[in-house]
Amino acid sequence: MNKLKHLIHAYGDWIRHVLAPLGPWGMLAFAAVDGSFIGLPLDAIFVGYIYNDRARFLLYVVLASAGSALGSIVLYIVGYTGGEVLLRKRLSPQRFEKIHASFERHEFWALMFPAMLPPPAPFKIVVLAAAAFEMDFWHFLLAIFAGRFVRFLIEAILTVYFGPGIIIVAANLFKHHLWWILLVVGLLLLAWLEQRRRKHPIGEGDTHKTSGVD
């Protein structure tokens with residue numbers, strides 16, 4: 001709680017002098033900067049906006065999500081033009097192939113689910129990977145927006161009902177148990193994909209297409 005208050009107060013003057021004249025659009029600008037190479041205390045600022053203007057919490061959720069997606073365009077350009085070389089330098093061969101395989105199978109979900117996770121999840125690496133593996137640009141933006149929307153909506157609801165202190169509790173949980181959380185999220189994703197596969201078996205569409213052809 002004290003750490004979160006310190007962050008909010010530390011950036012309070014900066015927000016008032018730089019972002020306050022922009023009104024709610026300041027949230028869009030801040031999220032866009034954070035979405036590029038420049039990492040900022042986005043969650044603390046977002047919580048500050050929500051706590052001080054609870055009636056418009058959904059507006060801030062949309063603006064923060066859109067800003068994150070727009071800011072990630074910078075990483076998309078970098079990744080698309082030379083991201084594979086950069087990734088091979090920063091990742092082990094096994095890690096690189098694992099990420100590549102996940103995008104080959106389900107590229108949208110492979111980007112959306114990491115977008116839902118707060119720091120310290122290594123999201124920018126995943127963004128670079130999506131671009132390097134030539135993910136469709138509009139699907140890229142939609143996946144980031146959708147993932148961020150879920151994340152910010154949860155943060156906003158928690159802030160409205162429990163106050164900003166609940167966010168620092170969640171942040172500490174992610175900080176100290178990140179890999180367990182990623183494991184649980186991964187298992188839930190696999191279970192959901194398996195359920196979809198059983199409901200819509202591969203080849204079912206082809207059967208309908210060819211059934212009327214003699």
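Points to keep in mind about this one:
- Selected residue (criterion: surrounded by the most Cβ atoms within 10 Å (Cβ to Cβ)) from residues of the range 107-162 that are within 15 Å of TYR76 (Cβ to Cβ) and acidic (Asp, Glu): GLU107
- Flag if ALA55 is in contact with a Pro (Cβ under 7 Å, 6 or more places away or on another chain), surrounded by fewer than 20 Cβ atoms within 10 Å (Cβ to Cβ) and within 23 Å of THR159 (Cα to Cα): no
- Matching residues in the range 34-52 - criterion: being surrounded by 14 or more Cβ atoms within 10 Å (Cβ to Cβ) and small (Gly, Ala, Ser): GLY35, SER36, ALA44, GLY48
- Any chance PHE133 is farther than 22 Å from ARG90 by Cβ, among the aromatic types (Phe, Trp, Tyr) and touching a helix residue (DSSP H, G or I) at 6+ places or on another chain (Cβ under 7 Å): no
- Verdict on VAL185 being of a type in the set (Val, Ile, Thr) and at pLDDT below 85: yes
- Output for the range 52-81, where each listed residue is without any contact (Cβ under 8 Å) to a residue 24 or more places away in the chain and closer than 17 Å to PHE137 by Cβ: THR81
- Of all residues in the range 84-135 being of a type in the set (Phe, Trp, Tyr) and touching a residue at least 12 places away in the same chain (Cβ under 8 Å), the one that is nearest to ARG148 (Cα to Cα): PHE113
The values are calculated or read from the model by the stated rules, or taken from the named source; none is laboratory data. Just so we're clear, the structure is a prediction, and the values are computed from it rather than from any experiment. Glycine gets a Cβ as well: all are built from the backbone with ideal geometry, and neighbour counts include every protein chain shown.
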